[in-house]
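Worksheet: one structure, shown below.
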Amino acid sequence: MSSDGFNFVMEGKIPEEGTAQSKLVEHTGGCHCGAVRFKVRAAENLVAYDCNCSICVKKQIKGFIVPESDFTLLQGADNITTYTYNTRQAQHTFCKTCGVESFYTPRLNPNG
């Protein structure tokens, strides 16, 4: 489990609906300096995937997608800046203070 309360399973199958692994629980996270904080409702054991976009590949970002309705920004909306490139559809959000990208909106899943 990470210090932000995420329990990642880096390999394996996506848990099937109705199994104990698919039970939704609350996870919290945020940036390094603490200015940006969020919570998500997601499976207890998260399966993290490699994103294949150029910025995520270079930063070796691992991630998981939740529906927008299961994501809540707790603090720091005024401390976030957004970076987009190419099609301008992926929204990479960064803390203005420490520069950490805590979450983003993927191009292929704009509601996630």
**Report entry** Enumerated strands (runs of 3 or more DSSP E) restricted to the stretch 37-112, each holding at least 2 residues that are at pLDDT 90 or above, surrounded by 14 or more Cβ atoms within 10 Å (Cβ to Cβ) and in contact with a Lys or Arg (Cβ under 9 Å, 6 or more places away or on another chain)
**Finding:** 71-75
Requested in this report: Tell me which residues, restricted to the stretch 58-86, are of a type in the set (Val, Ile, Thr) and over 15 Å from the mean Cα position of the chain (by Cα).
Outcome: 81, 84
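The values are calculated or read from the model by the stated rules, or taken from the named source; none is laboratory data. Everything numeric here is computed off the predicted structure, so don't read it as measured data. Here Cβ is always computed from backbone atoms with ideal geometry, including for glycine, and neighbour counts include all displayed protein chains.
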